[in-house]
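Please read the structure below before turning to the comments.
No value in this document is a laboratory result; all are computed from the given coordinates. All values reported here derive from a predicted model rather than from experimental measurement. Here Cβ is always computed from backbone atoms with ideal geometry, including for glycine, and neighbour counts include all displayed protein chains.
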Amino acid sequence: MPRAHKQRRLAVGQPCPYCCRTMERLDHPRLAPTRDHVVPESRGGKEVIVACMQCNTTKADMLPDQWEAFMASNPGWWKLSKHELRLVLMIESVP
């Protein structure tokens, strides 16, 4: 079994390191464990952790300090609808 697959499988039932929600498999696809580059691969990142799909996709290519600032200024962001989340991300990206 490939190492990445085994890490994701073992993460089921564990908290996501970002949002602290319990990672699950099929019941909640947004909480499925995924591989996340702490520093995005597009920015030269090599370190990989397991995080829930919703955090991983929302984090996208944010650097760790940008992601931490986003989470701090938007506690409970995962409760927002997709539309609300897109608006928050657009507003925060404006200089």
Exercise for the section: Given the options H83, H37, H28, state which has the largest fluctuation in a GNM of the chain using a 10 Å cut-off (strictly under) for Cα springs. Expected result: H83
Handout entry: Net +/- balance of residues flanking K46 in space, Cβ distance below 13 Å, scoring K and R +1, D and E -1
Key = -1
Handout entry: Order of V94, V12 under a 10 Å beta carbon neighbour criterion, fewest first
Key = V94, V12
Exercise for the section: Working from Cα positions, state the angle (0 to 90°, nearest 10) between the long axis of helix 64-73 and the longest principal axis of the chain. Expected result: 60 degrees
Handout entry: Hull shadow area, averaged, the chain [alpha-carbon convex hull, nm²]
Key = 6.6 nm²
Exercise for the section: Figure the gain on full extension for T57 and C20 (residue separation times 0.36 nm, minus the Cα-Cα span) and round it to one decimal in nm. Expected result: 11.7 nm
Practice task
State the number of lysine pairs found in the chain whose Cα atoms come within less than 21 Å, restricting to pairs 8 or more positions apart or on distinct chains.
Solution key: 4
Problem - Total formal charge among the other residues, if their Cβ is under 14 angstrom from that of W78, Lys/Arg +1 and Asp/Glu -1 - result: +4
Problem - Calculated [θ] (222 nm, deg cm²/dmol) that DSSP helices of n ≥ 4 give over the chain, each run adding -39,500 (n - 2.57) - result: -11500 deg cm²/dmol
